[in-house]
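Chemist: The structure under discussion is supplied below as structure tokens; questions concerning it will follow.
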Amino acid sequence: MAVIQPPARLPLRGVKWRCPEPASVNRSGWTNTSKVVGLPGAALWSATGTFVTQVGEGRALRWRGFFTSLRGQRNSFPLVAIERARQTAAANPQVAAGAGSADTLPLKGLPASTTVLLAGELMTVPLPSGHKRLVCLTRDLVSDGAGTAIALFGPELSEIPAQNAVVEIGEPYALVRQTSEAPGWDVDVGQTYTFPFAVEEAR
């Protein structure tokens, strides 16, 4: 499986991001109390949206080539998960010693003594398998005087990141593959082109 770089940010509107977390719920028929058992690391991102109509065959060419190069579900691509140009001007930090596979991650190389990211902002964490895990902060990322911090987020990582691995905080993305109908495009009157778009996290 190859990772294909899009020619530009995908022109999408009405994007719906979802990340269901599998869980087994057992409810007592006597007391109506529940026991919920989750599976850490099993959550899977997906995204759907409408690809903005491209007017004129010339404008559609690069997207036609891009979607064809994905070879259906065989190849993946990075889908930027923010609407701004950049989430922060800070340089990307590195994974510090003591990382685990759950929902916290020690970071180093941040600007000292500042709130680098807010709860709800995103990061992309590289994992040893080569997968890039998109996570959402559940608490503000605040650095200490040495430029270190502990990131709290969801979903869990499922693997332990390597020390010194670079975490993307400027343009966080999910590594995804197509899940939609057979690759192709629709052409309407006036050379207006649209492309089906539905993806899920490539793992």
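The values are calculated or read from the model by the stated rules, or taken from the named source; none is laboratory data. Predicted, not measured: the structure shown is a model, and the values here were computed from it. With ideal geometry, Cβ positions are generated from the backbone for all residues, glycine too; neighbour counts draw on all protein chains shown. In case anyone asks, the SASA skips ligands and DNA or RNA and just uses the protein heavy atoms, side chains included. Shrake-Rupley method; radii C 1.70, N 1.55, O 1.52, S 1.80 Å.
Chemist: Per residue, how many Å² of accessible area does segment 111-168 show with a 1.4 Å probe? Please report the intermediate quantities before stating the final value.
Modeler: Details: 2430 Å² over 58 residues.
Roughly 42 Å² per residue, with all protein chains present.
Chemist: Measuring from label point to label point, each 7 Å out along Cα→Cβ, what is the Asp186 to Trp17 span in nm?
Modeler: Each label point lies 7 Å from its Cα, and together they span 2.6 nm.
Chemist: Now for a different question. Expressed as a whole percentage, what fraction of the accessible surface of segment 5-63 belongs to carbon and sulfur atoms when a 1.4 Å probe is rolled over the protein heavy atoms?
Modeler: Numbers: 2230 of 4050 Å².
Carbon-and-sulfur percentage of accessible area, whole number: 55.
Chemist: Something else about it: For the pair Ala91/Ala198, report the inter-label distance in nm, with labels modelled 7 Å from Cα in the Cβ direction.
Modeler: Inter-label distance under the simple model: 4.3 nm.
Chemist: 5 Å is the cut-off here: which amide hydrogens, built 1.01 Å from N in the peptide plane, fall below it relative to Ala202, excluding neighbours closer than 5 in sequence?
Modeler: For Ala202, the qualifying residues are Leu175, Val176, Arg177.
Chemist: Next question, about the same structure. Near the amide H of Glu168, under 5 Å away, which other amide H atoms are found, from residues 5 or more places off or on another chain, if H is placed in the peptide plane?
Modeler: Thr124
Chemist: What is the gain in length, in nm to one decimal, between Val166 and Thr33 on full extension, counting 0.36 nm per residue of separation less the C-alpha to C-alpha distance? Could the numbers behind the result be given before it?
Modeler: Values: separation 133, 0.36 × 133 = 47.88 nm, distance 4.37 nm.
Net length gain for the segment: 43.5 nm.
Chemist: Sort 157-166, 128-137 by packing, meaning the average of other beta carbons within 10 Å per residue, with the highest value first. All intermediate terms of the calculation are to be shown ahead of the outcome.
Modeler: Working: 157-166: 15.8, 128-137: 17.5.
Packing proxy ranking, top to bottom: 128-137, 157-166.
Chemist: Helix 57-69 against the longest principal axis of the chain: what's the angle in degrees, Cα atoms only, rounded to the nearest 10?
Modeler: Long axis of 57-69 versus the principal axis of the chain: about 50 degrees.
Chemist: Here is a further query. Need one number: nm distance between label points at Ser101 and Thr68, each 7 Å from Cα along Cα→Cβ, rounded to one decimal.
Modeler: Output for this residue pair reads 4.2 nm.
Chemist: Also: Keeping all protein chains in place, calculate the accessible area per residue for segment 29-110 (probe 1.4 angstrom), answer in Å². Walk me through the numbers on the way to the answer.
Modeler: Details: 4420 Å² over 82 residues.
In whole numbers, segment 29-110 has 54 Å² accessible per residue.
Chemist: Another one. Ignoring ligands, DNA and RNA, what percent of the accessible area of segment 113-203 is carbon or sulfur (1.4 Å)?
Modeler: The computed percentage sits at 51.
Chemist: For segment 25-89, run through the chymotrypsin sites (Phe, Trp or Tyr not before Pro) and keep only the ones in DSSP coil with at most 12 other Cβ atoms within 10 Å of their Cβ. Present the calculation step by step, with values, prior to reporting the outcome.
Modeler: Details: sites: Trp30, Trp45, Phe51, Trp63, Phe66, Phe67; in loops: Trp30, Trp45.
Those satisfying the criteria are Trp30.
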